[in-house]
Structure formats: C-alpha cells, structure tokens
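A.B. asks: Structure incoming, see below.
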C-alpha cells in the first residue's frame, strides 16, 4: 500500500485552533442543509468489499438504508485521533436513528497496528482495513483523515471532508441526514460513481 501524504496530521497542539473554528459551524448550517436537500444531484458512493477485524467481508452496500459516516484514517494520524472520540459518541447517540460510523484504516502495518488500537481505545464502531483499490475509488485519499457523509440511498450527501473539521459540523450533517424523509422514487436519478471526482483530476 502506498504511503499517504500527512499534511493534515499536524501536532495536536495546533488542533485547538481548528476545534475553536468548529464553533462557527452553526453559521454554515443553512447552507449545508440547502446542499443536502439537493438530493436529486447526489452521486452514488462507490461500493467496495473489505475485511473487518473479525475477518468478515463487509460491503458498503450492506449499509443501504442507513446514514453512514465513512472515515478513512490511520493510527499514526494525530487529527484522526482527535475525531475518534466524536465518532464514538455519534455512534452511540444516533445508532437508534439508523446511523453508523464505518472506519477504514489505511495503516501500512495492517491489523498488527490496528487491532491493538481498537482494543486500547474501545472503539464501538466497525473498522475495516483499506487498500489502494478503495483509496483510488474515493479520489486518491491524498491526506488523512478524509471523511464522507453518505445518505440512506448510498449517495454522497456533502462534499468530502479532508482534514480535521469541527465536531459541530459533523453533528449538523448527521442530524440533517437522519431526519430526512424518504425521497419519492420519481425524483431519484442515477450518476456514474466516479463523477464526483472528475473535476479534481
């Protein structure tokens, strides 16, 4: 597996500045909601099959019908470590509303690095082991963390979050998606899965 760039894995002393910036996330709520409501233009998230820490094969398609926070991370990534407690809280808080956190580790050392981390931090959401194929499907993953919010139809609901963002922004997006009503079938359109990333290459 190729080594990912680490421009966002800055010392944790700097994360305080970013966390303070997260307090202004509420000002973006209306714009975020407007973006999320443009549901007909959402692009499907590419499906994949990866292995979890128990050796089970897991497909993203298995999560259709749920709101998914799909987080690409690594044990060596400082900002990833900041986010993980938030994701644990979100998993507990919103699970009953059909929400799931799905973590994809991009550690080059594989399960030998990831399993001890899962045990030490008592992660309460599912962790999969990523590879170059899934990284390519999701735009290359030039930096970690990179996080996608996926709606109940398996589509990207917001632009990808690259690097550390505010906890409040995640919470706002989750609230928007778990409270969305079912979209009429006549309003649904299909798009190529890779279209989301065409403008970035």
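The values are calculated or read from the model by the stated rules, or taken from the named source; none is laboratory data. Note that the structure is a prediction, hence the values are computed from the model and not measured. Note: ideal-geometry Cβ built from the backbone for every residue, glycine included; neighbour counts use all protein chains shown.
A.B. asks: Being in contact with a strand residue (DSSP E or B) (Cβ under 7 Å, 6 or more places away or on another chain), under 20 Å from residue 160 (Cβ atoms) and not in a loop (DSSP other than H, G, I, E, B) is the filter here, so list the residues in the range 49-82 that pass it.
C.D. replies: 50, 63, 67, 68, 69, 70, 71, 72, 73, 80
A.B. asks: Something else: Applying the selection to the range 83-111, what residues are in contact with a strand residue (DSSP E or B) (Cβ under 7 Å, 6 or more places away or on another chain), surrounded by 17 or more Cβ atoms within 10 Å (Cβ to Cβ) and in a loop (DSSP other than H, G, I, E, B)?
C.D. replies: If the condition is that a residue be in contact with a strand residue (DSSP E or B) (Cβ under 7 Å, 6 or more places away or on another chain), surrounded by 17 or more Cβ atoms within 10 Å (Cβ to Cβ) and in a loop (DSSP other than H, G, I, E, B), then 106 is the only one that fits.
A.B. asks: Take the residues in the range 120-134 that are assigned to a loop (DSSP other than H, G, I, E, B) and touching a strand residue (DSSP E or B) at 6+ places or on another chain (Cβ under 8 Å), then tell me which one is surrounded by the most Cβ atoms within 10 Å (Cβ to Cβ).
C.D. replies: Only one residue tops the list, namely 130.
A.B. asks: Oh, and also: Can we say residue 61 is closer than 30 Å to residue 132 by Cβ, surrounded by 13 or more Cβ atoms within 10 Å (Cβ to Cβ) and at pLDDT 95 or above?
C.D. replies: In short, no.
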